Amino acid sequence: MGDSKEGGAESPPLGAAAREGLSLLSQGESEEPSAQGSALFLGGNEVKSRAVVKYSSAPPRTAFARLEEKTDLKLPPANWLRESAKLGPAGTTILGNSKKSKPFSSFGMAYDFIDSVGNDVDVVSDSENIKKLLKIPYSKSHVSMAVHRIGRTLLLDELDIQELFMRSSQTGDWTWLKEFYQRLIDQKWQRKKKSKEHWYQKAILSKFLYYSINGDGAAQPVPAAAEQQESSSSDQTNDSDGASWPAPFEMPSSVSEDPSASSQGSEPLEPSYIVGHVASAPKEQNLTTLFNDGENSQGLKNDFVRNILWTFEDIHMLVGSNMPIFGGGRYPAVSLRLRDNNKPINVLTGIDYWLDNLICNVPELVMCFHVNGIVQKYEMIKTEEIPNLENSNFSTKVIKDIAQNILSFLKSNCTKEGHTYWLFKASGSDIVKLYDLTTLCEETEDKYQNPFTMPVAILLYKVACNMMMKKNQNKKHYGTIRTLLLNCVKLLDKSRHPQIIASANYMLSELFQLDEPKKEESSESPLNENSDESYSEEEEEMPDSDENGSYSTSSDPSDDNKAVAIIKSVGELSVPEKYKSIHQIRPSCTFPVCHDTEERCRLVLSYVLEGLKSVDSSIKKESDLPAADPNTPIPLKYEDESTRGGPEGLEKQMALFLDKMGSLQKGNYSSQSGMIPGSWQHKMKLQLILKSSKAYYVLSDAAMSLQKYGRALRYIKLALQSHDTYCCLCTNMLSEVLLFLSQYLTLCGDIQLMLAQNANNRAAHLEEFNYQTKEDQEILHSLHRESSCQGFAWATDLSTDLESQLSVSCKCYEAANEILQFSDLKSQNPEHYVQVLKRMGNIRNEIGVFYMNQAAALQSERVVSKSVSTAEQQLWKKSFSCFEKGIHNFESIDDATNAALLLCNTGRLMRICAQAHCGAGDEFKREFSPEEGLYYNKAVDYYLRALRSLGTRDIHPAVWDSVNWELSTTYFTMATLQQDYAPLSRKAQEQIEKEVSEAMMKSLKHCDVDSVSARQPLCQYRAATIHHRLASMYHSCLRNQVGDEHLRKQHRVLADLHYSKAVKLFQLLRDAPCELLRVQLERVAFAEFQMTSQNSNVGKLKTLSGALDIMVRTKHAFQLIRKELVEEFDQPKSDESTPAADSSPSLNREEVVKLLSIFESRLSFLLLQSIKLLSSTKKKSSNNTEDDVVLKTNKQIYSQLLRATANKNAALLERIDVLVHLLDQLARGGSGGVQ
């Protein structure tokens, strides 16, 4: 399309040419002046302007050659239209042979300076568009611009309606806008041809510029030949793309804004800051690149010679400019203009020249005047003098007000991100209207007809990418990023742009922090979309003109309701602060607050699902792929033949699993859908699947903490199925992903263990396990496109068998541990490794206890058989093996406490083995067997190992006390059995007594009676019982022993000592009156036995007195018994529903009756003996009054005792009351008192 719109009468052809892409500019162009910016004071009105060159691709600046007077510009110079290092391909651009700046020029700049978009900059646009807007009140020419909002930034682009309609007549696009436009104006549009004068002026300008750089040698080019060569070659390489200058692909997305930085164009590229540049973006990026080289034709390149950050008053603009700038000699920077001497400069031209110089920070303007192509003179004007030129007077203050009003108007009304707004003013009209084309487009059949949709969506995406990459501050921008991505997804057609939609959804899922270790995932998905809606070839941009006679000034008021906003008169724009921006930037960009983990994970999964759908829709369906209905639930429960055999089948499953894990290290790849490894679908699906597995893992962990174990198992099953699919697709397994798998299996082991321990709620757990949401079904459906998801079926089955659940839990931990061995994960993640080993030790303890309890149950059922069954022995072996492995696990991580507990349990197992070997035959013939002794000694060894493992009580007092108690119990049990079932057939009595004594003393040593604790009464009772048993043993030895008087004396002393200690300890206990009574009776019997060997009456009386004294001291025991009997008697009265007192285990009535009868008989016997001895002594010496009192008292008590015992019907309580009364009398009588 060679023709282009004609320049206006007020604006000379030179202005048009300057906007075509010509440029001579040095690398460091005007950066020094821009350091200070420039403040202009014109006519008392201050206008602040500051320009910083962000990028320049122009060759080094050269001085212009001043042409001699009478030079004929109609004659072509020798170098005309040839490639030049100074002009580049600009000469051809002058004649319109090359493409003009694209209609998406602001997007090209926005992509290159992505850091500024949405935050720092108010406007991004071509300088021509800026000038056109600021000249609206002065010009009658039409205005047609597309406006897009990204955050606080507005992107402005020329919207060539005529070009669109020519296109629509060929392609059928934009018909809806054509119809709307024809309703908007009364007549049909017509395209006006360019005049011969237009082409004549362009040719003269082109020749003038070539003359100016190649004159008579008055001004030599500044750069060296090599630099010219380099610049020329770079221009040639880019010429094929149709760009006037090389696009700035080699620049970081955010160049330092330090004005003192020189040669910004040559800064080295840092890949970490590049977000998807068009041609040279590296493929290894954290986030996705967007274009490949084939898409440059879409017009998404930055085609400007220089990009300038222009601050005009308080407005920050990123402006693209192609104005040629000359310099050298006396002038550091000037703009060169060609003027027809017969045509005076008007206001529009003056504003044009002034704004160009302000934007590029050029201090002076050089004008060359000609008449019919013959050079007449040169004139130099300072930039600040331009507003005061004759015929071109204008107020800079008014221009400032216009700028502020237009920006406020646009910001207040262009409020929706992603929407395309159309700012339109008909030629000759004073009314400016703003339409929302996106809303108008959505009312048509195809809402994707808008050609701006794709560039806008990509820009939203790129801004979000850029913000995501700023790790140090991105969290505070998460709401903004989310809004950008949601708007991006909303704009795109899922069927046409699956890659961007998948990538955007993945980034949306990444915004939500899951409770897991974060890592940087590489997610490459370079955009590879062809946008059919984009322009294929564009013409030159039109200069401001009043000669566009095709536009009518009349408008239909009935269609005004379609406009978003209207400026009723362009004159309003000159009124200071007429329009104020009140719109809040992104009112809805607050990040959603997720009140709980499940809500957050569900949001993540919803985005993952959308991403997976986009990826799957872009993969060609294989003919052999089963077409699953996403509405039909995929059954979650899988059963393999090998898993039904319990723990044995698990071994096979584990072997297969570990073999598979080994193969992953080599990078095996298998996909059922036929995805190509390395394709964007493959990379994106990997990332989405990994994200879904993490989300399900977090959900499972949350359900676990809520004790919803069925739900937790369902989620961890989905996490492992996701991971299994990831393994099938992955060509190179990352160590971090293996670590995730280890964590998943660890949690799965935890869940299986908790299910085993909560078997009573199995039905509820099963119901939760089998429930499935539609979202989960669809994600699983996507997974099944790639894999069978069976890799972890052995770990996630909900079994009803306790042993199977414990075994599965153990295998999960073992698998997690095996994975840590594959690479250096063990040393990289010591905390996780320790946790896995702790869990392995714990589950082995659980299984060991399970088998031990089973063995104990079998033992209790075995009544008749004397021999130990094979089943019991197998259970012992299994239990022992588990304990041993668990002990090894804990010892390997120096967990002394848990190792001690497992050693303690092993000791308990040994005791169960010992109990199983005790004889089950006749109790009278039974003896303590060698097997019992062997196992009890083994138990002792394990308890001692446990104590050694702990070292001191300070490490863990509770465990230390527990082990000590168990050890004491083992010694006590062993001694008791040896004492009660003495192995006399194998050992001598003395040896047995010695062994019993040693074991009892060891038991006593480990029985802590002094420490105040819940176990203290038990320890006291145990110690009292030991002393009682030892006293009884020595008492028995004394009775049966003949001969060695020294040994007899030793036994007598020991018996007396242990009886005393037993009594003291029993007296401390409130719940052992019977034991206290029995010990006291044994002491009385011991005294009686001693009395039989005494010959003198004095000795016998002394012994009898001691025995009666023991009897008196039993009063405490009787009082305790009486108290309990009274409580039992009162209890049924107070509460009829409580069981009878006789059923109370606290007091054995039969034993009390038995002991009471013995006590009565022994007291009767002692009193009788005392009366006899005292009577015989009285006959021999009648002067002892004390003995008389005792005799009298004893006779009275004996008499009362005989009467009381004669009454066979007396109640137990009455008998005790009588005895207590008699003991009181005896205590007083024995001390000399008379009743």
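Read the figures in this text as sums done on the coordinates, not as results from a lab. Keep in mind the model is a prediction, meaning the values are calculated, not measured. Glycine also receives a Cβ, built like all others from the backbone with ideal geometry; neighbour counts cover every protein chain displayed.
Numbers below:
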read-out: Segment residue 380-residue 986, extension gain: residue separation times 0.36 nm, minus the distance between their alpha carbons; value: 205.0 nm
read-out: 3J(HN,Hα) from dihedral phi, the stretch 1219-1227, Karplus parametrisation 6.51/-1.76/1.60, rounded to Hz, x for glycine, proline; value: 5, 4, 4, 5, 5, 4, 4, 5, 5
read-out: Over 21 Å between alpha carbons, listed pairs 691/717; 1061/1154; 132/400; 717/774; 135/568; value: 1061/1154
read-out: Of 837, 996, 913, farthest towards positive along the dipole that unit charges on Lys, Arg, Asp, Glu beta carbons give the stretch 829-1006; value: 837
read-out: Summed residue charge, Cβ within 13 Å of residue 603's Cβ, Lys/Arg positive, Asp/Glu negative; value: -2
read-out: Mean-position separation - Cα centroids, the stretch 1000-1063 and the stretch 676-738, in angstrom; value: 66
read-out: Rough spin-label spacing in nm, given labels placed 7 Å along Cα→Cβ, for residue 1102 and residue 1123; value: 3.7
read-out: Two-site FRET efficiency, residue 770 against residue 874, from Cβ-Cβ distance with R₀ of 30 Å, rounded to 0.05; value: 0.30
read-out: Estimated FRET transfer efficiency (residue 1192, residue 1214; beta-carbon r; R0 25 Å; 0.05); value: 0.45
read-out: Pairwise FRET efficiency - residue 70 versus residue 183, Cβ, R0 = 60 Å, nearest 0.05; value: 0.60
read-out: Unit charges on C-beta of K, R, D, E only; dipole of the stretch 880-1013, Debye; value: 200
read-out: Inter-centroid distance (Cα atoms) of the stretch 137-154 relative to the stretch 365-428, Å; value: 14
read-out: Contour minus Cα-Cα distance for residue 1041 and residue 679 (0.36 nm per residue); value: 120.5 nm
read-out: Per-residue ³J(HN,Hα) for the stretch 891-902, Karplus 6.51 cos²θ - 1.76 cosθ + 1.60, θ = phi - 60°, Hz, x for Gly and Pro; value: 5, 5, 10, 6, 9, 5, 5, 5, 4, 5, 5, 5
read-out: Share of alpha-carbon pairs per 10 Å distance bin for the stretch 829-1006, given as whole %; value: 10, 32, 32, 18, 5, 1, 0
read-out: Total lysine pairs under 27 Å (Cα atoms) in the stretch 829-1006, excluding pairs fewer than 8 apart on one chain; value: 24
read-out: Residue-by-residue Karplus 3J(HN,Hα) for the stretch 343-351, coefficients 6.51, -1.76, 1.60, Hz, glycine and proline x; value: 10, x, 6, 9, 4, 4, 5, x, 4
read-out: Chain lengthening between residue 853 and residue 998 when straightened (0.36 nm per residue, less Cα-Cα); value: 49.1 nm
